[in-house]
Structure formats: C-alpha cells, structure tokens
Amino acid sequence: MRQIIIIGSGPAGYTAAIYAARANLRPLVIASSVEAGGELMNTTDVENFPGFPEGIQGPELMMKMQEQAERFGAEVVYDDVVRLELEGAVKTVTLGSGESHEALAVIVATGSAYRKLGLADEERLSGHGVSWCATCDGFFFKNKTIAVVGGGDSAMEEATFLTRFASKVYVIHRKDTLRASKIMQERAFANDKIEFVWNAEVSGITGDDAVDGVRLRNTVSGDQSTLELGGLFVAIGNDPRTHLVHKQLALTPEGTIAVQGRSSRTTVAGVFAAGDVVDPTYRQAVTAAASGTVAALDAEHYLTSLPQDLLAQASEPELATVTE
C-alpha cells in the first residue's frame, strides 16, 4: 500500500509530487498513457512561469517538473485511471492495465480540457496560431489581426484582453446575440479594436506552418467566406476532468471539485484536489502549481493524523500493486 497516489501529471500533479516526495511519502504519480504532462504539452513558448526569464517550451517545463519529482523519489506510471474507490481509510485506484493500487491518501489533479472546434487543422496548428488561452499566448500576437471564437463571458474577456497586443480582434459568434453578461458585452462593444462577425462559424483553419486565416460558414444563409488572420483563439468553454469522481466527491455549480475554503480538502477524508479541476477562473500553470503545493501539504498533515498501525502498512510501496 502507498501513502499517497497523485492522479495527473500537469503542474499541479508534479508540484504535489515534488512536495510529497521531499516529505518522504514516496508518491505514485499516474501520468496518463496519452496526455502525460497536461495541457502545457501542447504549448510552445511559456514566458510567464517564474524562474525562466528567457521563456521555456511547455513540454520542456513539464519534463523538468517530472525530473524534479523523480529526483526526490516520486514514481511515475504512464497509464490511465479507470476506476476510483475513495470511501474508507484505504483508497483503491484501478488502472487501464488492470492493476489496482491502494493508498491512504489520493490527490486528484486531473485538470480541465478546453472545448475545441473539432476541426482537422485545429490540432495541427495548435501552438502555431491556434490557442485556447489569451493570457498565456496573447503577447505573441503583437500588431496582428486575430479572432476569438465564442459568445460568452470568457470570449469577451479574451477579446478585450487581446486588444492590448493585437491591432484588430474579430469576435466570431454563431448567433446574432451574445450569451455574455451585459457588462462584458458593453466593454467589448465599446472597444474600437473589436469587430463582431455575427451568425458565423469557423468551418476551416488555413495556413501551412502557422495560421493565416479561417473559412467561415454563415449559420443563416450557409454562405462561405474567408477571413485573413494571424491567430485564432478558441473561447467556447472548458470542462473539468471530473468523470472519475462523479457521485463520490461533491462538485461546485461550475462543475469543478468542491474543496473546503482555501484548502484542497474534498468532501471525502483523505482525498484532495488541486489545479484546474478545482479552478474555474484562473487556470494558469503557476496557480495550478501553487494548488499542488497546498494539496501535498494537506495530504501530509492528514497522514500524520492516522493511526500508526495503518501508516505502517503503507511503508513498503512494492507491496502496493494488486492485479485483478
């Protein structure tokens, strides 16, 4: 049995692993078989993470976090969690391979996924003009003409923020009215750099090595048109990855895992949550990393409160795996 298992390998998961490993808790990190490293693996230059004045590539940053966690004794497994049993003193984490791992504490750091347009070139041009985060990537679009897809508060916020850098920002919306709150609409309408493209949906993204435009389809007439752009920001929402804990942990109205105050404690003792899976607002690498710190410290404090005989059972990680 393990003392602690961490599910997720983004900034929150690896930071939690660093802290837990340095506390000699010998954490097991379930890093996913296909999405190890989280959303930063799809990001090129990261210039707003402290400690890297020249910037760093997203995959390189995640590799360094992993190396740091492993240096202190964390073990990383590339597999996917398919089932969790969180009630009781001993938690069970079942993987796609069929193996089950037991632990006294679990940190859920599964992140969130940006909703995508579902276009063939969206993934190909990710990091090369297609982005889902204005605060992460807006700096790279100085004096360019760009577009934001969406009609909610997040789209208006992204568009308004991007006017600090871009020479012009189109807002592409599939209807002729916005879902955004009145105050967010008013701010966008009042900005001279923002122009709305109504009743339109993006049907294609063009560009060989970088975005140079989009193809649009009018949702009323069906007419096709093109729009030359230097970048495309998709702001149609995001979904916290909470499917593993449905009906086990309480969720917030926004769909994130509910935690107690500023802690990482969930509604089940011994289960903690960190990163974007608890954060509907900021969703930055640095805030996720800080959240991972909180989760590791909370988990450490929880473990010290357990009976010594129970802790003794978790002293040998090699006995943790049970094959179904």
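Cross-link partners of residue 91 among aspartates and glutamates, defined as those whose alpha carbon lies under 12 angstrom from its own and excluding same-chain residues fewer than eight positions apart: 102.
Roll a 1.4 angstrom probe over the protein heavy atoms and tell me the percent of accessible area of the chain that is carbon or sulfur. Here it works out to 49 percent.
Within a straight-line Cα-Cα reach of under 15 Å, residue 182 can be paired with the following aspartates and glutamates, leaving aside sequence neighbours fewer than 8 residues apart in one chain: 153, 157.
In µm²/s, what is D for the stretch 19-69 at 25 °C and 0.890 mPa s, where D = kT/(6 pi eta Rh) by Stokes-Einstein and Rh is the Kirkwood radius from Cα pairs?
Translational D for this selection: 201 µm²/s.
Volume per residue for the stretch 52-199 equals 192 cubic angstrom (convex hull of Cα atoms). Using only the Cα atoms of the stretch 202-324, each taken as one equal point scatterer with no solvent, compute I(q) by the Debye sum, divide by I(0), and report log10 of the ratio at q = 0.09, 0.10, 0.18 Å⁻¹. Each listed q corresponds, in turn, to -0.49, -0.57, -1.02.
Restricting things to Cα coordinates, could you compute the convex hull volume per residue of the stretch 148-244 in Å³?
Per-residue hull volume (Cα only) is 133 Å³.
In the elastic network of the chain, a GNM with C-alpha springs shorter than 10 Å, the most mobile of 195, 186, 123 is 186.
Looking at the chain, the accessible area is 47 square angstrom per residue; that uses a 1.4 Å probe and ignores ligands, DNA and RNA.
Kirkwood hydrodynamic radius of the chain, from the reciprocal of the average inverse Cα-Cα distance over all distinct pairs: 21.0 Å. Counting only lysines at least 8 places from residue 142 when in the same chain, those with an alpha carbon closer than 23 Å to its own are 168, 193.
Note on the chain: with a GNM built from Cα contacts shorter than 10 Å, the maximum mean-square fluctuation among 267, 256, 304 falls on 304. Here's the picture: charge each Lys and Arg Cβ at +1 and each Asp and Glu Cβ at -1 in the stretch 116-205, and of 163, 120, 198 the one pushed furthest to the positive end of that dipole is 163. Annotation for the stretch 182-274: trypsin sites (Lys or Arg not before Pro) lying in DSSP loop with at most 11 further Cβ atoms inside 10 Å of their Cβ are 247, 262.
With both partners inside the chain, how many of the DSSP beta bridges are antiparallel, as a percent to the nearest 5? In the chain, DSSP labels about 50 percent of beta bridges as antiparallel. In a GNM of the chain with a 10 Å cut-off on Cα contacts, which of 310, 232, 95 has the highest mean-square fluctuation? Of 310, 232, 95, the most mobile in the Gaussian network model is 310.
Over all other residues within a Cβ to Cβ distance under 10 Å of residue 46, the charged ones net out to -4, with Lys and Arg as +1 and Asp and Glu as -1.
The coefficient of translational diffusion for the stretch 78-121, derived via Stokes-Einstein from the alpha carbon Kirkwood radius under 10 °C and 1.306 mPa s, stands at 125 µm²/s. Pairwise Cα distances in the stretch 1-126 exceed 23 Å in 36 percent of cases. Going by accessible surface with a 1.4 Å probe and the largest first, 173, 246 read 246, 173. So how far, in whole Å, is the C-alpha centre of the stretch 225-275 from the one of the stretch 66-137? Between the Cα centre of the stretch 225-275 and that of the stretch 66-137, the gap is 12 Å.
The values are calculated or read from the model by the stated rules, or taken from the named source; none is laboratory data. These figures come from a predicted structure and were not determined experimentally. So basically every Cβ, Gly included, is an ideal-geometry build from the backbone, and we count neighbours across all protein chains shown. The protein model used for the area step is the full one, side chains on, heavy atoms only, and it has no ligands, DNA or RNA in it. Shrake-Rupley method; radii C 1.70, N 1.55, O 1.52, S 1.80 Å.
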